[in-house]
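*Asks:* Can you read through this structure? Questions will come right after.
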Number of protein chains: 2
Amino acid sequence: MNASNLSPNNARGGIGLLGVGIVGSAVASSILSAEGQRRGLRLCGAIVRDTTRQRDVELPAGTLSSDPDTVLGSPDVDIVVELMGGEEPAMEYISVALCAGKHVVTANKEVISKHGEKLRNLATANNVSLQYEASVGGGIPIINPLLNDLAANQILGLRAIINGTTNYILTQMASGGVSFDDALADAQRLGFAEADPTADVDAFDAVYKISILARLAFGVDVPIENIFREGIRRTASQDFRYAEELGYTIKLLAAARRENGGLLVRVHPALVPSDVPMAKVEGALNVVEAEGDLVGPLWLQGRGAGAEPTASAVMGDVLRTLSVLRGGGHLPQARPINPDLPLLEMARHECKYYTRLTVRDRPGVLAQIAGALGDMDISIASVLQMDSDPDRGNADLVIMTHPAREANMQRAVERIDALGDVGTVANVIRVESYPSAR
Amino acid sequence: MNASNLSPNNARGGIGLLGVGIVGSAVASSILSAEGQRRGLRLCGAIVRDTTRQRDVELPAGTLSSDPDTVLGSPDVDIVVELMGGEEPAMEYISVALCAGKHVVTANKEVISKHGEKLRNLATANNVSLQYEASVGGGIPIINPLLNDLAANQILGLRAIINGTTNYILTQMASGGVSFDDALADAQRLGFAEADPTADVDAFDAVYKISILARLAFGVDVPIENIFREGIRRTASQDFRYAEELGYTIKLLAAARRENGGLLVRVHPALVPSDVPMAKVEGALNVVEAEGDLVGPLWLQGRGAGAEPTASAVMGDVLRTLSVLRGGGHLPQARPINPDLPLLEMARHECKYYTRLTVRDRPGVLAQIAGALGDMDISIASVLQMDSDPDRGNADLVIMTHPAREANMQRAVERIDALGDVGTVANVIRVESYPSAR
């Protein structure tokens, strides 16, 4: 294929695996398949915590070890594939591998989100590549399209459903009328959610992912502390019922968009109009919607998690790395940092709001609430009195506002809550704006 | 960025443009932009037929010429970008450029579809790259995902809407009840269709594109003569009306799928269930749905044509080429040819059929038609008598069949047409099967 001086085509195909869980097993299977062998891939070593555990894949004798040095220190290993997850020791191992002149492929969103800049610099300094397509969106090609195919675009915005667990839970709540707790328990039973669901339901996972995408799309390093984050724990089954009556469903969105001369990055549940495509991305599916100045709107959708979709992305990175390293070349790095695009505070965001209040069912209540909103320059688009509970003298009141500033809305909520006997704000959900026909 | 011996980072960024039409102008603008200059791109020459014509972009003095040698023979040109379209002389110029050791980026679906294998071999032999992301799907990343991101997958099938002109016409017919001729005239007036619309409405364009995708996805060289091709000229406004009553819309689909131990590649109008996402891809949008054994179903959607989306893909290729050539490396080539996947004849395809007949409105007619179908082992799922024209004694009869073999259906149509006074088969449209929930 090329005039490389590495005459056998399978030279430099040595792979060391860090972690052999469900994704690692699928990756090992792919390396060991007939097709993997034809491409000259060799599994040189695989590091696990417990070498005695039963696994989904049969590894060649002598490859399994609990000592990371057998991979990180092996001259046979050209590419280290990190699939352990978590920040440490993954971060340490990736750093050691890069410094040892090994190419690295990882699916680790936490490490790339928190330490991507440092690791990219380490890769450049050591003349090796760092690939992480599998860190966002499972098998959906998104990292590499942003790095390569869309490189000539100024990206205007990204909007995504990038956490399959919460999308599964929200889809169950939307269709089944079940509570958050029941939907979560169901997701845990089916293996869609972990025993400790915090990373997913409190939206840390989506925050890691949108920070990675924002770095690539906008050339802005986005520390995760600077991303507005709200999870789905407060979303109740009646919110879906009321949203549906108003023509919406509820999705956990991750978005990054140029606005007001800066970049706003946010992750939160949102009311999405029922007739836009994003409302129909159901279950564990993921989607990334990107808008470029040249390409216009793009829609990339697929399975965002699971062993095989993730292995698809990991193996794509391995084969890409191999093809370039055999030719002696380099893979494109991220855009340079753009110093002219400051990160904006969520307080400056503007949108319509859905507000569910539990109020005393008596005259004058609406006037007080409307007054509190009006004081903060928020005008009401519609008011719906929903379920009432005559025994307790309570009713659900749903107020949809016209577009308002986030800071004003937060102040208005405080004021309403301070009204005393009037009622409480049970939930506020931002309404996502869809200016175009999409 | 790397230890290249080409010290100034803008070394080897010389670009020669063949063709400065609407796409070429957008590409030239991108090269000449501040961002293009920052990346070290230089426009060394631009070849047009008529150097006196007014263009959308102001080119630097001395770049415009009608002599292709000023680009193909220039030592300053590292990358030749071919945007002339058509088979010749584009094919000749691309070949000359590759033989002269220049990297080539092209948007030319006809050349890649007809001569891709020869050109890829020429590129390999001359140690240069050939990139053609813009040849299919405008700005949607699809060629490179197939080449790289999905490289570890066995692709099971592709299904796509990849001709914006026909999708615009069909969308107009579906929503406006207009005739094919009126919708075509409208598309021509708006610049969505050419004065000679053959390439689009007779589906040659979609055939070129699916042959390119099939080569990359399946490792099979698909001569365009081996692709079943049917355009949209026969699709009438009443077909949309009847299809809608049956729960379908009509789309021009391009598909390539493993079935019966081979690969079937086909382009034709199809009834698509109104509730699947593909039914909602409207206007000039394109979509490619791919299914891989690892990744599962993927959905890539965006603007499939137009100056800027196409320029997005062309410039993505230019930057990718540049980044790798500066490092002295190589871009991945297509999968090797898979000798074990024969091309199948359309005659072996199996699907349900929508059949619109114009029949004499009198007793016994249905029995004769049903008999002709039954003789060919085709069973009827439903019969609808639609508009009748009492003056002429005619009626429209719509028959939906159960799944049947294409060869049998074609024979049944011949038999019905031969029944003489009974009536004629006005149109037959294949019903696309959606086994999964999509």
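The values are calculated or read from the model by the stated rules, or taken from the named source; none is laboratory data. Just so it is clear, the structure is predicted and the values come from calculations on it, not from any experiment. Cβ atoms come from the backbone with ideal geometry, glycine included; neighbour counts cover every protein chain shown.
*Asks:* Taking B:ALA255 as meeting all but one of (1) within 20 Å of B:GLU350 (Cβ to Cβ); (2) at the interface with chain A (Cβ under 10 Å from one of its Cβ atoms), write down the number of the exception.
*Replies:* Single failed check for B:ALA255: (2).
*Asks:* Going by the structure shown, is A:ALA125 of a type in the set (Gly, Ala, Ser), assigned by TED's automatic domain parsing to the domain that holds A:GLY24 and touching a Cys at 6+ places or on another chain (Cβ under 9 Å)?
*Replies:* Judged against the criteria, A:ALA125 is a match.
*Asks:* Something else now. What's the total number of residues in the range B:118-138 that are more than 14 Å from every other protein chain (Cβ to nearest Cβ) and at pLDDT below 95?
*Replies:* Counting residues in the range B:118-138 that are more than 14 Å from every other protein chain (Cβ to nearest Cβ) and at pLDDT below 95 gives 0.
*Asks:* From B:GLU308, B:GLU244, B:GLU291, which residue is away from every other protein chain (no Cβ under 11 Å), among the acidic types (Asp, Glu) and either touching a helix residue (DSSP H, G or I) at 6+ places or on another chain (Cβ under 8 Å) or surrounded by fewer than 23 Cβ atoms within 10 Å (Cβ to Cβ) (or both)? Spell out the reasoning first.
*Replies:* Details: B:GLU308 fails: away from every other protein chain (no Cβ under 11 Å); B:GLU291 fails: away from every other protein chain (no Cβ under 11 Å).
Just one listed residue meets the conditions, B:GLU244.
*Asks:* If you don't mind, another one. Is it fair to say A:SER323 is without any contact (Cβ under 8 Å) to a residue 24 or more places away in the chain and either crowded, with 18+ Cβ neighbours inside 10 Å or within 11 Å of chain B (Cβ to nearest Cβ) (or both)?
*Replies:* Against the criterion (without any contact (Cβ under 8 Å) to a residue 24 or more places away in the chain and either crowded, with 18+ Cβ neighbours inside 10 Å or within 11 Å of chain B (Cβ to nearest Cβ) (or both)), A:SER323 qualifies.
*Asks:* Of B:LYS118, B:LYS114, which residue is surrounded by fewer than 24 Cβ atoms within 10 Å (Cβ to Cβ) and within 15 Å of the chain's Cα centre (by Cα)?
*Replies:* Of the residues listed, the single one that is surrounded by fewer than 24 Cβ atoms within 10 Å (Cβ to Cβ) and within 15 Å of the chain's Cα centre (by Cα) is B:LYS114.
*Asks:* Okay, moving on. Which condition number does A:LEU300 fail, the rest of (1) under 20 Å from A:LEU216 (Cα atoms); (2) not in a strand (DSSP E or B) being met?
*Replies:* Here A:LEU300 clears every test but (2).
Quick grid of which residues meet (1) more than 14 Å from chain A (Cβ to nearest Cβ); (2) among the hydrophobic types (A, V, I, L, M, F, W, C); (3) outside any helix (DSSP H, G or I):
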residue	(1), (2), (3)
B:ALA313	no, yes, no
B:VAL318	no, yes, no
B:LEU331	no, yes, yes
B:ALA367	yes, yes, no
B:ASP391	yes, no, yes
B:VAL398	yes, yes, yes
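*Asks:* Out of the residues in the range B:154-186 meeting the condition of being in a strand (DSSP E or B) and within 22 Å of A:GLU35 (Cα to Cα), tell me which one is nearest to the other protein chains (Cβ to nearest Cβ).
*Replies:* B:ILE155
*Asks:* When the range B:208-226 is examined, which residues are found to be in contact (Cβ under 8 Å) with a residue 60 or more places away in the chain and part of a helix (DSSP H, G or I)? Explain how you work it out, then say what you get.
*Replies:* The initial filter retains those residues of the range B:208-226 that are in contact (Cβ under 8 Å) with a residue 60 or more places away in the chain, namely B:208-209, B:211-213, B:215-222, B:224, B:226.
Scanning the range B:208-226 gives B:TYR208, B:LYS209, B:SER211, B:ILE212, B:LEU213, B:ARG215, B:LEU216, B:ALA217, B:PHE218, B:ILE224, B:ASN226.
*Asks:* Next question, about the same structure. Before we move on, is A:ALA284 touching a residue at least 24 places away in the same chain (Cβ under 8 Å), of a type in the set (A, V, I, L, M, F, W, C) and more than 9 Å from every other protein chain (Cβ to nearest Cβ)? Give the steps one after another, and end with the answer.
*Replies:* On the way: touching a residue at least 24 places away in the same chain (Cβ under 8 Å): yes; of a type in the set (A, V, I, L, M, F, W, C): yes; more than 9 Å from every other protein chain (Cβ to nearest Cβ): yes.
Against the criterion (touching a residue at least 24 places away in the same chain (Cβ under 8 Å), of a type in the set (A, V, I, L, M, F, W, C) and more than 9 Å from every other protein chain (Cβ to nearest Cβ)), A:ALA284 qualifies.
*Asks:* Let me ask something else about it. Condition first: within 23 Å of A:ILE22 (Cα to Cα), of a type outside the set (D, E, K, R) and not in a strand (DSSP E or B). Now tell me which residues in the range A:83-106 satisfy that.
*Replies:* A:LEU83, A:MET84, A:GLY85, A:GLY86, A:PRO89, A:ALA90, A:MET91, A:TYR93, A:ILE94, A:ALA97
*Asks:* Give the residues of the range A:139-153 that are within 8 Å of chain B (Cβ to nearest Cβ) and either touching a helix residue (DSSP H, G or I) at 6+ places or on another chain (Cβ under 6 Å) or under 21 Å from B:ARG39 (Cβ atoms) (or both), sorted by residue number.
*Replies:* Passing the criteria: A:GLY139, A:PRO141, A:ASN144, A:PRO145, A:ASN148, A:ASP149, A:LEU150, A:ALA151, A:ALA152, A:ASN153.
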